[in-house]
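Note sheet for the following structure.
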Amino acid sequence: MNLDDFRGIWVFLEVSEGRIAPVSLELLGAGRQMADKRDVPLAGLLIGDGVKELAHTAFPYGADQVYVYDDKIFHDYRTESYMRAVIECVQKHKPEIILYGATSTGKDLASAVATDLETGLTADTTMLDVNAESGLLEASRPAFGGNIMATILCKKHRPQMATVRPKVMKALEPDESRTGDIMEESLELREEDIRTKVLKIVRETKEKVRLDEADVIVAGGKGLGSREGFALIHRFAERIGATVGASRDAVEAGWISHEHQVGQTGVTVTPKIYFAIGISGAIQHLVGMRNSGLIIAINKDPNALIFQSCHYGIVGDAFEIVPLLIEAFQKEPDKEVTYG
């Protein structure tokens with residue numbers, strides 16, 4: 001493999017409910033920075049049925065060009081059909097880097113493509129950079145239980161690939177004056193060539209915790225001591241109209257369900273205000289909330305790592321401090337709490 005044959009940075013543009021998924025727009029922002037550093041074009045790769053017009057969405061967010069596979073055979077996501085389109089396009093145009101959102105679709109597709117192309121893939125990346133000279137992708141993520149940050153390199157194979165979770169990167173402010181090139185691609189693929197068939201898509205309707213959409217999150221950790229102690233988090237969140245979050249330790253202790261977990265193995269969040277109560281500040285938790293607008297930490301350990309990543313910190317017992325906060329809000333029970 002001649003690495004010099006590969007040039008340019010791509011973002012897989014995932015389509016969700018008839019539009020480009022927000023995580024793909026976020027990755028265009030990260031890709032734009034790396035493409036400028038390397039002085040190479042940034043391209044999107046768009047696959048679907050009736051998606052050509054969506055390609056124009058990518059240009060204001062940083063893309064220079066978009067490769068489009070628009071065919072009825074791509075109406076529903078199937079690993080085999082999408083994988084064959086990506087591989088065909090990669091072999092034809094030879095990008096040096098491809099970024100995917102770490103969604104169920106992105107993770108499935110990226111792993112299948114990496115296996116077939118026999119190249120490297122870094123999953124759930126939290127930081128991205130590129131060496132301006134060599135073009136080596138520097139993909140970092142927590143390792144060893146979240147105790148260290150590991151930077152993973154793919155020195156001998158191309159394209160270099162990484163998945164990134166929603167909310168980790170920030171999309172650029174859209175520049176509506178930007179335009180780009182739409183490159184229409186085609187693939188000789190028949191329905192009978194694909195082994196899997198989508199018979200029906202059933203959407204389950206249930207109440208879901210929307211941590212990633214919350215403006216205010218009150219999160220608790222193992223410092224609360226027990227399920228009964230964690231009830232304090234629920235009381236405080238209910239009083240100020242916040243959503244409840246938790247550290248991995250609190251979830252693994254059985255104090256609250258996994259859908260409330262913030263961090264590398266939970267949800268990545270970007271609220272306006274994030275209360276971290278009884279949370280030590282392990283790397284795997286910090287990567288899930290570090291982009292919050294305002295971080296307020298309460299911990300009785302003055303050396304807790306969380307104090308290195310917060311805007312305001314209170315050293316003290318949460319069981320003394322949080323009730324005082326609840327009481328302060330209760331003094332004006334009819335006053336609406338607003339944020340922003």
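The values are calculated or read from the model by the stated rules, or taken from the named source; none is laboratory data. The shown structure was predicted, so the numbers you read here are calculated from the model rather than taken from an experiment. As a convention, Cβ positions derive from the backbone with ideal geometry for all residues, glycine included, and neighbour counts pool all protein chains shown. The area values use the complete protein model at the heavy-atom level, side chains included, leaving out ligands, DNA and RNA. Shrake-Rupley method; radii C 1.70, N 1.55, O 1.52, S 1.80 Å.
Quick one: in region 300-320, which of the residues that are over 27 Å from the mean Cα position of the chain (by Cα) and aliphatic (A, V, I, L, M) is least open to solvent (accessible area, probe 1.4 Å)?
Filtering first and then ranking leaves A318.
Run K200 past the list (1) open to solvent by 60 Å² or more (accessible area, probe 1.4 Å); (2) in contact (Cβ under 8 Å) with a residue 60 or more places away in the chain; (3) outside any helix (DSSP H, G or I) and report the number of the one that doesn't hold.
Of (1) open to solvent by 60 Å² or more (accessible area, probe 1.4 Å); (2) in contact (Cβ under 8 Å) with a residue 60 or more places away in the chain; (3) outside any helix (DSSP H, G or I), only one is false for K200: (2).
Go through the residues of region 98-107 one by one and say whether even a single one is surrounded by fewer than 18 Cβ atoms within 10 Å (Cβ to Cβ) and farther than 18 Å from E14 by Cβ.
no
Quick check on region 174-183. Is at least one of its residues open to solvent by less than 90 Å² (accessible area, probe 1.4 Å), within 29 Å of R290 (Cβ to Cβ) and within 18 Å of the chain's Cα centre (by Cα)?
No, every residue in region 174-183 fails to be open to solvent by less than 90 Å² (accessible area, probe 1.4 Å), within 29 Å of R290 (Cβ to Cβ) and within 18 Å of the chain's Cα centre (by Cα).
Out of all the residues in region 260-279, is one or more loosely packed, with under 14 Cβ neighbours inside 10 Å and either more than 18 Å from K222 (Cβ to Cβ) or within 27 Å of the chain's Cα centre (by Cα) (or both)?
Taking region 260-279 and keeping what is loosely packed, with under 14 Cβ neighbours inside 10 Å, we get 272.
Checking which are either more than 18 Å from K222 (Cβ to Cβ) or within 27 Å of the chain's Cα centre (by Cα) (or both) leaves us with 272.
Yes: one or more hits.
Inside region 149-163, can you point out the residues that are more than 19 Å from V66 (Cβ to Cβ) and open to solvent by less than 60 Å² (accessible area, probe 1.4 Å)?
Those that are more than 19 Å from V66 (Cβ to Cβ) and open to solvent by less than 60 Å² (accessible area, probe 1.4 Å): A150, C154, R158, Q160, A162, T163.
Can you tell me which residue within region 43-89, out of those that are open to solvent by 10 Å² or more (accessible area, probe 1.4 Å) and among the β-branched types (V, I, T), is nearest to E173 (Cα to Cα)?
Step by step, filter region 43-89, then rank; the result is T57.
Take region 184-193 and flag every residue that is open to solvent by less than 30 Å² (accessible area, probe 1.4 Å) and among the hydrophobic types (A, V, I, L, M, F, W, C).
L189
Considering region 14-28 alone, what residues qualify as being crowded, with 17+ Cβ neighbours inside 10 Å and of a type outside the set (A, V, I, L, M)?
E14, S24, E26
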